[in-house]
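What follows is calculated from the coordinates using simple rules that are stated; it is not laboratory data. Quantities reported herein were computed from a predicted structural model and do not represent experimental measurements. All Cβ positions, glycine included, derive from the backbone under ideal geometry; neighbour counts span all protein chains shown.
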Amino acid sequence: MHRFHYRNDTLYAEDVPVGEAARRFGTPLYLYSHGTIVDHYLKIKEAFREVEPLICFSMKANSSSAVLASLVKRGAGLDIVSGGELYRSRRVKCPASRIVYASVGKREDEIDEAIRAGILLFNVESEPELRMINRRAHARRKKVMVTLRLNPDVEAHTHHYITTGKSENKFGLDFNTARAIIRFSNRYKNVDIAGVHIHIGSQITEAQPFVAAIRKTLRFIDTLGVVIRYFNIGGGMGIVYDKERPQGANEFAAKVLPLFEDRDFKLILEPGRFIVGNSGILVTRVVYIKKSASGKHFAIVDAGMNDLIRPSLYSAYHEILPVDCPRQAGGARSRRTVKYDVVGPICESGDFLGKDRVLPELKEGDLLAVMGAGAYGYAMSSNYNSRPRLPEVMVIKNRVHLVRPRETYADLVRGEKVPKGI
């Protein structure tokens, strides 16, 4: 599942003690296991090998150049949602033929840049967007390929903030609108409507919602009377954060691939969290131990909701482990256990990383590892409370590499100006 493990009661990332990385680069920090990233990508590639899909990593989950380069080097494409992500994809030399572009709000300049780059296709989310792409392609004397993102109106059984395939969500086209677009496709002379795209949500731990969405979409395709060359099944496969029992890549493929028997589609997959979620941890240090009048124990750490917002935003659970677990002679734990709220320094009551966590009795200076932080961790972090963003570190076997330095206070104000006469 991942390459974080205890060795002699010390947490390791592959063959590097986590504490060593913390001493070298300070806390808090994001720490990634390169081997875990590659392992999870190769699991999907192997599970779907019989159809040779295009696997486009959903880089919104983690846009670190080191992560992207690790995947692109091994044949992955990239699923992008902004001009900035296009810039990053080109920076790591991802072939344009392996880039697909989603997002409900692509700007004109972003569309222009993507056409200029020669990306494989746009995932179109609305009729106005399709008209815009057609106009911009015409202006550049190009014909560009698109898939229509369909909203199959299925329940994904995940947090409502990350459900994207229901009719009330902002994403995708209803079937009637999509049918009308295809019927009058000759209006779009500079667009090749080459396929369909679905993406029903994130952190989905069972196959049934995917199967329902695919079956519904296939039935719709059969009513169109046109050739569909690409079928993009999106991403959204869940991982273990707590007590989930998510499907593995082989189990997922076993449920999905039979649906495409006798179908001549090029499949596209857009996994994100499945590849990087369990590949990263947030390493943080206990600053204070506090006990309230009610008897509640707080472990106040140096990482906060600006560093990892998922617990505050989604009430998401992340396992929290001590980096060091010393034992007494005979093997007994050297500390009693205490139930803590693990909270950060941000001036918000919602600033917590975990509540009611039973941990070995902590003291100031102890290191904690917030697990499963490789997806939507650094990518969603901010400078709230004027806090510099964290360094990112990647372990490759027995070596640790700084892949993004810690921001400085000077970085916080770079580009700011105070007008004269203020």
Of all DSSP beta bridges with both partners in the chain, the antiparallel percent, nearest 5, is 50 percent
Over all Cα pairs of the stretch 342-409, the Kirkwood radius sets Rh, and Rg/Rh then becomes 0.98
Projecting the Cα atoms of L390, L359, S202 onto the charge dipole of the chain, where Lys and Arg contribute +1 and Asp and Glu -1 at Cβ, the residue farthest towards the positive end is L390
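Please go through the stretch 216-300 and write out the GluC sites (Glu not before Pro) that DSSP classes as loop and that have at most 15 other C-beta atoms within 10 Å.
Taking the stretch 216-300 and a limit of 15 other Cβ atoms within 10 Å, the loop GluC sites (Glu not before Pro) found are E244, E261.
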Computed about the Cα centre, the charge dipole of the stretch 34-276 from +1 Lys/Arg and -1 Asp/Glu charges at the Cβ has a magnitude in debye, to the nearest 20, of 940 debye
Surpassing 19 Å at the alpha-carbon level, of the pairs K93/K189; K60/K106; K216/K243; K243/K290, are K93/K189; K216/K243; K243/K290
Relative contact order in percent for the stretch 34-276 (Cα pairs under 8 Å, 6+ apart) equals 22 percent
Rounded to the angstrom and largest first, Cα extents along the principal axes for the stretch 34-276 equal 49, 40, 34
Percent antiparallel among DSSP beta bridges confined to the stretch 224-329, nearest 5, equals 60 percent
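In nm², what is the average projected area of the convex hull enclosing the Cα atoms of the stretch 213-330?
Working: hull surface 52.3 nm².
Value for the stretch 213-330: 13.1 nm².
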Projecting the Cα atoms of H138, F57, V124 onto the charge dipole of the chain, where Lys and Arg contribute +1 and Asp and Glu -1 at Cβ, the residue farthest towards the positive end is H138
Length gained if R229 through E244 is fully extended, taking 0.36 nm per residue and subtracting the Cα-Cα distance, is 1.9 nm
Checking A293, A375, A139 against a Gaussian network model of the chain (alpha-carbon springs below 10 Å), the top fluctuating residue turns out to be A293
Per the charge dipole of the stretch 257-321 (beta-carbon charges, Lys/Arg positive, Asp/Glu negative, Cα centre), the residue among N278, S294, S315 reaching farthest to the positive end is S294
Quick note, the chain: a/c under 1.5 would make it rounded; otherwise a/b > b/c is prolate and the rest oblate (a ≥ b ≥ c, C-alpha gyration tensor); here it is prolate
Dividing the mean separation of Cα pairs under 8 Å (6+ apart) by the residue count of the chain yields a relative contact order in percent of 19 percent
In nanometres, the difference between 0.36 nm per residue of separation and the alpha-carbon distance of V51 and R399 is 121.7 nm
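Would you mind working out the magnitude of the charge dipole of the chain relative to its Cα centre, with +1 at each Lys and Arg C-beta and -1 at each Asp and Glu C-beta, to the nearest 20 Debye?
Here the size comes out at about 920 debye.
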